[in-house]
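The structure appears below as structure tokens.
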Amino acid sequence: MTTAEETECREESHRADLQNRDDTKESATEERKLRRPTAPERISEILKRLDQLYPDVTCALTHKDSWELLVATILSAQSTDVRVNMVTPLLFKKYPTVEEFAKLEPQQLEPDVRSTGFFRNKSKSVVGAARKIVNDFGGKVPENMVDLLTLPGVARKTANVVLGTWFGKAEGLVVDTHVHRISRRLELTKNDDPKNIEQDLMRVIPRERWILFAHQIIWHGRRLCLARSPQCVDCPLENTCHAEDKTWSTVEKHKGAKA
């Protein structure tokens, strides 16, 4: 082999080596992207599986209009939807309109909502919200976040439930105890404060999915991803989840990824 041929051979070998390095770097970069908890590919896969599990779910609170949904959501704090759904049919039969509620004193409402817990505060909130709706909003539940947040007993979670479920408006994302727990287990957030969790989720979940995503996660939290004993062996999301507090796992657990 001539000197020129040897030189050309070395140069070709060097170029191939550089190409292999580039390919390795590119492959590693793609792998890191896929491993990122909030990578779009992972989010899409989680959403796809949630759609298969819970295609048509909605709010479990029984209601016929926005006022009934608002009341039910206020009563659901530190309670269960099952308990609230036992209380509200009789409550709305007794007081059919927001105007009827506005005429009450909170003490009059207390016996009707006692079983939902924290009944004194809830009675004040429901009566206070009714009065403000009648006096300031013509008897209509507001259809925007700013006005809803002026109602007694209404914070972002309640406002998001009403806006999303009744009005179909995605102004935010519901963060209840289930969304709080599961979004941390799935590493969609590292925060513990509901407001910060909501902001994190709004950044990674497409806006057109905010309403359905929250409903799906809530149902998932009731059926499989339980607080104390998650049913990981039966969960279709299992191999996308690296939660530290999983009860069974086919994938590596990540420290700190827990409810």
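Values quoted throughout were computed directly from the atomic coordinates according to the rules given, and no laboratory measurement underlies them. This one's a predicted model, so the numbers in the text were calculated from it and none came from an experiment. Glycine gets a Cβ as well: all are built from the backbone with ideal geometry, and neighbour counts include every protein chain shown.
Within the stretch 66-165, count lysine pairs with alpha carbon atoms under 17 angstrom apart where the residues are 8 or more positions apart or belong to different chains.
Going through the stretch 66-165 pair by pair, I get 10.
So the label point goes 7 Å from the Cα of Arg207 along Cα→C-beta, right? Which residues of the stretch 129-152 then have their backbone N under 17 Å from it?
Within reach of a label on Arg207: 144-146.
Given R₀ = 25 Å, FRET efficiency for Lys64-Asn135 by Cβ-Cβ distance, to 0.05?
0.60
Kirkwood hydrodynamic radius, the chain, all distinct C-alpha pairs: what's the number in Å?
Value: 21.1 Å, from the Cα pair sum.
Describe numerically, in nm with one decimal, the distance between label points set 7 Å from Cα along Cα→Cβ at Asn196 and at Asn121.
With each label placed 7 Å out from Cα toward Cβ, I get 2.2 nm.
Mind ranking 201-210, 68-77 by how tightly packed they are, going by the mean number of other C-beta atoms within 10 angstrom, highest first?
With the highest mean Cβ count within 10 Å placed first, the list reads 68-77, 201-210.
Between Glu252 and Arg36, what is the spin-label point distance in nm, taking each point 7 Å from the Cα along the Cα→C-beta axis?
Each label point lies 7 Å from its Cα, and together they span 1.8 nm.
If each residue of separation counts as 0.36 nm, what is the full-extension length gain between Asp245 and Val82 once their alpha-carbon separation is subtracted?
56.0 nm
For the chain, what is the calculated [θ] at 222 nm in deg cm²/dmol (nearest 500), taking -39500 (n - 2.57) for each run of four or more DSSP H residues and dividing by its residue count?
-18000 deg cm²/dmol
For the residue pair Gln107 and Asp234, what label-to-label distance in nm results when each label sits 7 Å from Cα along the Cα-to-beta-carbon direction?
4.8
Provide the packing ranking of 118-128, 153-163, 229-239, i.e. peptides ordered by the mean count of other C-beta atoms within 10 Å per residue, highest first.
Put in order of decreasing packing, that is 153-163, 118-128, 229-239.
Which FRET efficiency value, to the nearest 0.05, do you get for Arg114 and Leu53 by plugging their Cβ-Cβ distance into 1/(1 + (r/R0)^6) with R0 = 41 Å?
So, using R0 = 41 Å, E works out to roughly 0.70.
Counting only other residues whose beta carbon sits under 13 Å from that of Asn121, what net charge do I get with K and R as +1, D and E as -1?
Once positives and negatives cancel, what remains is +3.
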